[in-house]
Structures are given as C-alpha cells and as structure tokens.
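Trainee: My questions will all concern the structure given below.
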Amino acid sequence: MSHIVRILEIDNSMAYKDSMKTACAYYRTSSQTNVGNDKDSLKRQQDAVHTYATSQGIEVVREFYDAAVSGADPVDTRDGFGEMMRYMLGNGARTILVENASRFARDLLVQLTGHEYLKRRGMELIPVDAPTHFTDDTPTARMVREILGAVAAFEKNSLVGRLRKARDRKRRETGRCEGNPSFGIIPIAHVKAAKALHTKGMSLRMVSEQLSKKGCLSRSNKPYSASAIRSMLRKSA
C-alpha cells in the first residue's frame, strides 16, 4: 500500500501571541488503524495534541500526517516526516508534538534512534501523554543507548577492518596504496604481464595492445605508449 502524505491546515480561528512557543504536530496511522473501533485515530491524536498545546501555551503552526505507515518504519524514510523536517528547518519551529511515543514509532529502537536523529538537529520531541518520556533516565532507555553505542562501535570496527583488507589487497596488486600515486608509478601486475608478453616475441606496440585488451591501462585510462612498455621491461629486468 502506498503511503499517503497530508499536510493538515490549522484552524485560523486559533489566535496566539507572537511570543508563544511554536511547534509542529506529527500524526501517524498504520494500515491497521483508522478502521473499526480505532477509526477516529487521527481525530484523537489531533485533540490530544491541541489540548496539551493550549494548556502549555504552545502555538501549533503546522500539522503533518503519515497515513498507512508502519510504526516500525525508520522516521527518516517517511514522506510526511521528511516534509515536516524540511518545513521546520526553514520555519524556525524546533518542537514536535505527538499524541504518544508509539504514534511517533511503535518499535522501541526506532523511537530512540528517531529521537536521537531529532536531537542532533536541535529539535525537541514531546509525547503529550508523557512529556518527559524521551528525557527520563530509565533503565530501559539506558540499556538501549548502551546497545546502540555497542552497535555503532561494532560497525565502525568492521568498516576499519574491511578498509584495511582492501588496502592490503591493493598493495599486493600494485605495490602501493596510500596517498596519490606519483607520476610514472606502474602497477606490478602490469609490469609482469608486459614482461610475459615480450618474452613471446611481441613488439612494444603489440605488448601495449595486448595489455589494453586485458584491461591494463595507464593512469589516464589509455593504452601504454611504447616508451612506457620499454620502461616496464627495464624495471622487470
């Protein structure tokens, strides 16, 4: 089912002072909600958010709605959420109100990673049924933060290991890896191939043609010149 994105207009009859704190409202329903007993899900979310905003003196300047979006979907993959981010980064509002944490994301890991995503951008996320949900230092929150830290460290170490193996492989193939190659550096594999072809009685030009067919090209991605082939043969002597 394709995602439905709606930007909900605010009732112009709601009058606020310019000095009031501004916020955006975010609503989400999955394909399983807004049916049966939960068919008023969007209205319920709106009522909860506006009741809280009024009680706290907050002006809701814009509402965003992701329909038919799973609560397990990462927040940065949601169309409505992305539209809200673009609006907020240009508008100046830095607070997001949601009915509760599960409306933001039903999966705990998505909740906390999504909150961290917003926090890094200087944005505050407030579930109106429990405003301190994401700031309370609960054992569960601490545990998940530690797990996220361990996962991040594991991914970094894995990346470092993969890069090290790639560098080692390149050194074996070309004789060097780090830094910009100096002018005239020729891969060892090319030198060995040129020597093998030359021992078969091929001319310098023929050696260049055969190397080109094998994909052995110069740094400019062109066939080696005769003088470059001659240099290879001397180097391999």
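Trainee: Yes or no: the range 39-47 includes at least one residue that is farther than 30 Å from Pro139 by Cα, modelled with pLDDT under 90, not acidic (Asp, Glu) and not in a loop (DSSP other than H, G, I, E, B).
Mentor: Step one: filter the range 39-47 for residues farther than 30 Å from Pro139 by Cα, giving 39-44, 46-47.
Restricting the remaining residues to those that are modelled with pLDDT under 90 gives 39-41.
Checking which are not acidic (Asp, Glu) leaves us with 39, 41.
Next cut, not in a loop (DSSP other than H, G, I, E, B) only: 41.
Yes; the residues of the range 39-47 include at least one that is farther than 30 Å from Pro139 by Cα, modelled with pLDDT under 90, not acidic (Asp, Glu) and not in a loop (DSSP other than H, G, I, E, B).
Trainee: State yes or no: is Asp76 of a type outside the set (Val, Ile, Thr) and touching a Phe, Trp or Tyr at 6+ places or on another chain (Cβ under 8 Å)?
Mentor: yes
Trainee: Also, quick follow-up: Checking the structure you have, find out if any residue of the range 143-156 is assigned to a helix (DSSP H, G or I) and either acidic (Asp, Glu) or in contact with a Lys or Arg (Cβ under 8 Å, 6 or more places away or on another chain) (or both).
Mentor: yes
Trainee: Further, regarding this structure: Residues in the range 118-146 that are at pLDDT 90 or above and hydroxyl-bearing (Ser, Thr, Tyr): how many?
Mentor: Within the range 118-146, residues that are at pLDDT 90 or above and hydroxyl-bearing (Ser, Thr, Tyr) number 0.
Trainee: Also, I was wondering about something else. Working only within the range 195-210, note down all residues that are small (Gly, Ala, Ser) and within 11 Å of Leu233 (Cα to Cα).
Mentor: Matches in the range 195-210: Ala196 only.
Trainee: Further question: Of the conditions (1) in contact with a Cys (Cβ under 8 Å, 6 or more places away or on another chain); (2) free of Cβ contacts under 8 Å to residues at least 40 places away in the same chain, Met88 fails just one. Which one is it?
Mentor: Every listed condition holds for Met88 apart from (2).
Trainee: Moving on. Count, please, the residues in the range 94-104 that happen to be modelled with pLDDT under 90 and either in contact with a strand residue (DSSP E or B) (Cβ under 7 Å, 6 or more places away or on another chain) or loosely packed, with under 15 Cβ neighbours inside 10 Å (or both). Give the derivation first.
Mentor: Taking the range 94-104 as the starting set, the residues that turn out to be modelled with pLDDT under 90 are 101-102.
Still in the running and either in contact with a strand residue (DSSP E or B) (Cβ under 7 Å, 6 or more places away or on another chain) or loosely packed, with under 15 Cβ neighbours inside 10 Å (or both): 101.
Matching residues across the range 94-104 total 1.
Trainee: Continuing with this model, one more query. Can His190 be described as more than 28 Å from the chain's Cα centre (by Cα), modelled with pLDDT of 85 or more and surrounded by 14 or more Cβ atoms within 10 Å (Cβ to Cβ)?
Mentor: Judged against the criteria, His190 is a match.
Trainee: Inside the range 160-185, can you point out the residues that are among the charged types (D, E, K, R), more than 28 Å from the chain's Cα centre (by Cα) and at pLDDT below 75?
Mentor: Lys170, Arg171, Arg172, Glu173, Arg176
Trainee: Could you tell me which of the residues Tyr65, Tyr52 is closer than 19 Å to Met20 by Cβ, touching a residue at least 12 places away in the same chain (Cβ under 8 Å) and not basic (Lys, Arg)?
Mentor: Working: Tyr65 fails: closer than 19 Å to Met20 by Cβ.
Just one listed residue meets the conditions, Tyr52.
The values are calculated or read from the model by the stated rules, or taken from the named source; none is laboratory data. Here the structure is a predicted model, which is why all the values come from computation and not from measurement. Cβ coordinates were reconstructed from backbone atoms using ideal geometry, including for glycine residues, and neighbour counts include every protein chain displayed.
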